[in-house]
Amino acid sequence: MVNEKEIVITRPDFETATWYGSQWLKKAVDDFTRLGLHVTDLAGDLAVKSEVEKAIDTYNPVYFTGVGHGNADVFTGQNYNKIFVTCDCQKLAGRDSYLLSCMTAQRLGGDIINKGGLSYQGYWISYTFVVERVEDEDIDNYDKAFCDTVCFSQFLYGRTATVADAFYLRKELARLWVKFWEKVGGGSAVIKWITHDELTEGEDKDSKLYGDTTRRRTEEIWHRPAVMLIRKPRVKVNAPVTVAIAVACPQKCDLSGKTVQLIDHEGNVVAEKTLKLFQNGLYWTDFFTITFSNYGKFAYKAKFIGDETHPTEESLPQVFLVQGECTVKGTVTDAETKEPIQGATVRGGGKSTTTDENGNYELKVLAPATYTFTASKTGYWSQSKRLTVEPDKTYTLDFELKKKKVYTLKVTSTPITGLKISVNWKEYTTPYEGQFYERDWVRLYFPSPQTKDSAVYTFVKWLEDGSTSQKKYVYMTKDMTWTGVFTGGPERKGQPSESPVVTVTIHPKPEAEPTELTLTLDKTEYTSGEKMTLTGTLTFKSDGAPLPNRTIEIYENNNKIGTAKTDETGKYKYVHTAPEVKEDTEYNYQAKFAGDA
Ligand SMILES: [Zn+2]
């Protein structure tokens, strides 16, 4: 039997994307530990196959989770070390797993279940790791929101929720976050990323759940709620901050009307609110606002006030970074000519602006903080500078940008036609001739499977002077030669052939024949509001054969009131309600068939 108290986690951190994932999962490690579970935390260089296998053999964990790069068949760790591969994942037999990586749901996830895995959660799509390690407010917000949704799921796992409940409540929490950003603003990129990772239409389209989804971990308290404080991580002093508190009982109990509190860093109750249903077992307070009157970092908690079934429970502390505002201004110039650059973008501290005709810019950003400010302009190398800022001060930050080398890319694709070229993610079709700068991204897409392999080979050879590497993305450097003709792979050719002779008979187009339409009412007198049944038959006049599936129009005193369809035997039926009248009144009814076109 597996050990229900043991969990193994991999958190590689060898480049930006995995670094972010590692930070997210660190919080899950803390959550599990807080729940009294033993976590083997394989972070950084420990996130490799040999260490995972050793940990599984030693501790026999009930649960494996990890963040890393992946594809349909592979889940990786530090430096792309292959931890689990389709056909080599039997170590997960008898365990639950949740892989935070691209596309493992396509094959590896199913194979884990085939090899005896109890349950698997993962992603069918290319999953978005945030790869810009800059102080961008949207990205900060995304991290916060995504970390919460992931940790919520992991947190529930350590309790008594079923695997399916944890899976679906994670999605509900992601929806709640999207709703939050739509309401408070400033989260456009957050909404885009969370939507990509969690919410593309259909419950299971992007995230997948396999295996025994009704599994739950046993624990004494079956109704211990999970509490989450939803808030903007950065807020401004003396400005209202919108927050919400979300609570779910793993048993999906009705928590509407229950009380939650927002507790400040000194343990004072800042706000007391009532829960209402959000979706699918998740309850929340709706949005409410609070304000901070001082700068600094403040750790707040949300508290659920228990009842006879549910214990009182607090969220993990959430840090509000409360800031004022400062001004950062300066000039962007050409490093060589010293001329001002107009239209350069300067971004930092979650803000961005463009320079005027004198190369000047000005940004107002939240402070205190340390930010990276970056100036960029097409055709120039961008430049970044770190700056620590205090509230209510003005800083001068100038940039000098160096020009990039310009190359000409010329691609013809004989004999392959329709070869697609993308330069900095913009797509073109051959023949193509255009300019690009050193370190721009250039990629070729291959139009048909039968020529793909040879085309890849030819492409790489053309780029790297004899290399047979199979990589499809090429990161341009100034040392590459970028003139040449793309000749593609071998073309498929056919031999001449003749088809056999086939004889058929062609009939003249039939002419429309005279038809006969009848109409009968079930009674001759009705009372206002009474149901009237109109029936009839549509047949050919010559032999009485029925005309099925034709539309019959029904008229009352020459006004069309509806239509009916004839069935296989040419019969139709129309039910009508007798009109309101003050005294006895005669009405005329008629049916019409408009003929076949
Ligand atoms: Zn409950």
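The set of residues in segment 1-21 that are of a type in the set (S, T, N, Q) and either surrounded by fewer than 22 Cβ atoms within 10 Å (Cβ to Cβ) or on the phi > 0 side of the Ramachandran plot (or both) comprises 3, 16. Could you list, in sequence order, all residues of segment 1-30 that are modelled with pLDDT under 85 and of a type in the set (Ser, Thr, Tyr)? Hits for segment 1-30 are 16, 20.
Only a single criterion out of (1) in a loop (DSSP other than H, G, I, E, B); (2) surrounded by fewer than 20 Cβ atoms within 10 Å (Cβ to Cβ); (3) modelled with pLDDT of 90 or more is not satisfied by residue 128, namely (3). So which residues in segment 556-597 are within 16 Å of residue 516 (Cα to Cα) and touching a residue at least 60 places away in the same chain (Cβ under 8 Å), if there are any at all? Hits for segment 556-597 are 590, 591, 592, 593, 595, 596.
Taken together, 156, 169, 173 contain a single residue that is over 27 Å from residue 3 (Cβ atoms) and buried (at least 21 other Cβ atoms within 10 Å of the Cβ), which is 173. One residue is enough: does segment 190-197 have a residue meeting the conditions acidic (Asp, Glu), at pLDDT below 75, within 28 Å of residue 319 (Cα to Cα) and away from the ligand (no atom under 16 Å from the Cβ)? Scanning segment 190-197 turns up no residue that is acidic (Asp, Glu), at pLDDT below 75, within 28 Å of residue 319 (Cα to Cα) and away from the ligand (no atom under 16 Å from the Cβ). The set of residues in segment 335-362 that are of a type in the set (A, V, I, L, M) and surrounded by fewer than 16 Cβ atoms within 10 Å (Cβ to Cβ) contains only 335. With respect to (1) under 29 Å from residue 233 (Cα atoms); (2) aliphatic (A, V, I, L, M); (3) touching a Pro at 6+ places or on another chain (Cβ under 9 Å), the lone exception for residue 346 is condition (3).
Among the residues of segment 293-333, those that are assigned to a loop (DSSP other than H, G, I, E, B) and surrounded by fewer than 20 Cβ atoms within 10 Å (Cβ to Cβ) comprise 293, 294, 295, 305, 306, 307, 308, 309, 311, 312, 316, 317. For the subset of segment 290-318 comprising residues that are of a type in the set (Val, Ile, Thr) and within 16 Å of the ligand (Cβ to nearest atom), which member is farthest from residue 265 (Cα to Cα)? Selected residue: 309.
Considering segment 220-251, the residues that are within 25 Å of the chain's Cα centre (by Cα) and modelled with pLDDT under 90 include one that is farthest from the ligand (Cβ to nearest atom), namely 234.
When residue 290 is tested against the conditions (1) under 26 Å from residue 164 (Cα atoms); (2) surrounded by fewer than 17 Cβ atoms within 10 Å (Cβ to Cβ), the lone failure is (1). Of the strands (runs of 3 or more DSSP E) lying entirely inside segment 344-432, those carrying at least 3 residues that are modelled with pLDDT under 80 are 406-411, 420-423, 426-429.
The values are calculated or read from the model by the stated rules, or taken from the named source; none is laboratory data. Everything numeric here is computed off the predicted structure, so don't read it as measured data. Don't worry about glycine lacking a Cβ; one is built from the backbone with ideal geometry, like all the others, and counts go over all protein chains shown.
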